1. If you wrap the range 287-329's Cα atoms in a convex hull and average its projection over all directions, what's the area in nm²?
2. Relative contact order of the range 1-126: what whole-number percent is it, with Cα pairs under 8 angstrom and at least 6 residues apart?
3. When only Cα pairs under 8 Å and 6 or more residues apart are kept, what is the percent relative contact order across the chain?
4. Using θ = phi - 60° and the Karplus relation 6.51 cos²θ - 1.76 cosθ + 1.60, list the HN-Hα couplings for the range 190-205 in order, rounded to whole Hz, with x at every Gly or Pro.
5. Measuring from the lowest to the highest alpha carbon on each principal axis, how far does the range 329-386 reach, largest first, in angstroms?
6. Which number do you get for Rg(Cα) / (2.2 N^0.38 Å) in the chain?
7. Compute the separation of the alpha-carbon centres of the range 368-392 and the range 85-119 and state it in Å as a whole number.
8. Using the Karplus curve 6.51 cos²θ - 1.76 cosθ + 1.60 with θ = phi - 60°, work out ³J(HN,Hα) for each residue of the range 156-173 in order, rounded to whole Hz, and write x for Gly and Pro.
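Values in this text are rule-based calculations from the coordinates and carry no lab data. Predicted model only: the values in this text are computed from it and were never measured. Cβ coordinates were reconstructed from backbone atoms using ideal geometry, including for glycine residues, and neighbour counts include every protein chain displayed.
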Amino acid sequence: MTSSSLRDRISQSMPRYSDLLSEFVAIDSVSQSTADPSRVDASAQWVAEQLGARGCDVEIYRTRTPEGSLGLPTVVGHYPGPEGSPHVVLYAHHDVMPGGDPAEWTTTEPFTARVIDGRLYGRGSADDGAGLVAHLATIDHLLIEGNGELPCSLTVLSEGEEEVGSASFESFLEQHGHLVDADVLVVADGGNPALGEPALTTSLRGVIQVFVTVSTMDHPVHSGMYGGVACDAVTAMCRLVASLHDEHGNVAIDGLRGAVHRQGTVKRDSFSCIDMSEDTVRADCGIRDDVPLLGQGSVTDRLWFQPSISVIGIDAVDVAHSSCTLQPQCRARLSLRTAPGENTRQAYEALVRHLHNHAPFGMHVEVECDELGAACLVDDQAPAVQVALDAMTEAWGHQAVTLGMGASIPFVALYQEKFPQAQILVTGIEDPDARAHGADESIHLGELERIIHSQCLLLNKLSA
Ligand SMILES: [Zn+2]
């Protein structure tokens, strides 16, 4: 089958995959501990049924976290390939982030997919429903092309706790690793620099999340009667949080490292690893003109190769319900992104040390670990990288580039450690408008079509 007839066939099949993605969004498979875990069972079941309907041998696994609790389900489906053909693992996760405040969504309800102007909106549409659907569609089209046979041995791996740090994945790899021991791993969970511009991600930051609690009193008291002497916990928390950056907005935690930017190296020259400009970041985020960017050094460096830290949640009295009262306790959730090359455990210890050392007025600060996920660098000289860049360039009609990603896919580092010989391809479907994790998350259906096409080309080329 020529590439142009494959392209046409994929194009005609897209309404079906748009419907499939809508089905996935409706499952509402939020993996955070505060959500109903049966929804993640439902999404695992959905993935298993989809694979089963495509003639795949499929199994759902549950393994334990290092702390001993049962992890969320991982789906593994396998197709044997022709003798001597490579083993390719296609990865995408089936859990999603919480929908957030429905009032912030301007397009649809978080778990009701809706297509507007070629984009499909809904939680999980981009992250990582699009990856899952891309894999299912790739299998469909390759099965048609091969009259029911795939060109290579293929395994689909779909975990259910990517959004919460893949805590049981290490034990999955210990117990069932042989199932996913691949020549090439394709991780369809990355992003592209712009609509219509494909990219492979070759570096990922790590993630460390903690809950921090500051306690100042046994109970709330009158702010007029005791203010000026008794410290409210929200003020104390604000002082603690303010200590995390220096006056330029650089992360001010002793003992954290930044990765060396790869500018000028062979890697950059051969694959034109792109730079991010300040204007692009401002436009992507909608940053107001009068607001400066945080930190110093190149924007690319700060986004992909340096650590960052943010407050992603804080429990305080909301303004509407506030009264003249000093609050005795305040809890916040902090998210630290670590540079590629950073040791996750040491970075976590550095953060905990910092929070204790900067306890405001010597107050009691409690730190509890929420999530640890390692950063990683992918070997961009691996032969499969060039094959993938060629396949993406052909499918998109635009030169594919390599780039870094400030976000984290903890599974990749775990996999890399276990299977150092595997070539890893972190591919992109999301464009900067995808707003993964936020309100109005969406995927551009044209980009979904192109990733399906590029995956078909990739698997054919790897098998040739
Ligand atoms: Zn994801």
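1. The number I arrive at for the range 287-329 is 5.6 nm².
2. 27
3. Computed value for the chain: 25 percent relative contact order.
4. Residue by residue, the range 190-205 yields x, x, 10, x, 7, 4, x, 10, x, 8, 9, 8, 10, 9, 10, 7 Hz.
5. Cα spread of the range 329-386 along its principal axes, largest to smallest: 56, 18, 13 Å.
6. So the Cα radius of gyration is 1.02 times the expected 2.2 N^0.38 Å.
7. Their Cα centres are 22 Å away from one another.
8. The phi angles translate into 9, 10, 10, 8, x, 9, 4, 6, 10, x, 6, 5, 9, 6, 4, 6, 4, 5 Hz.
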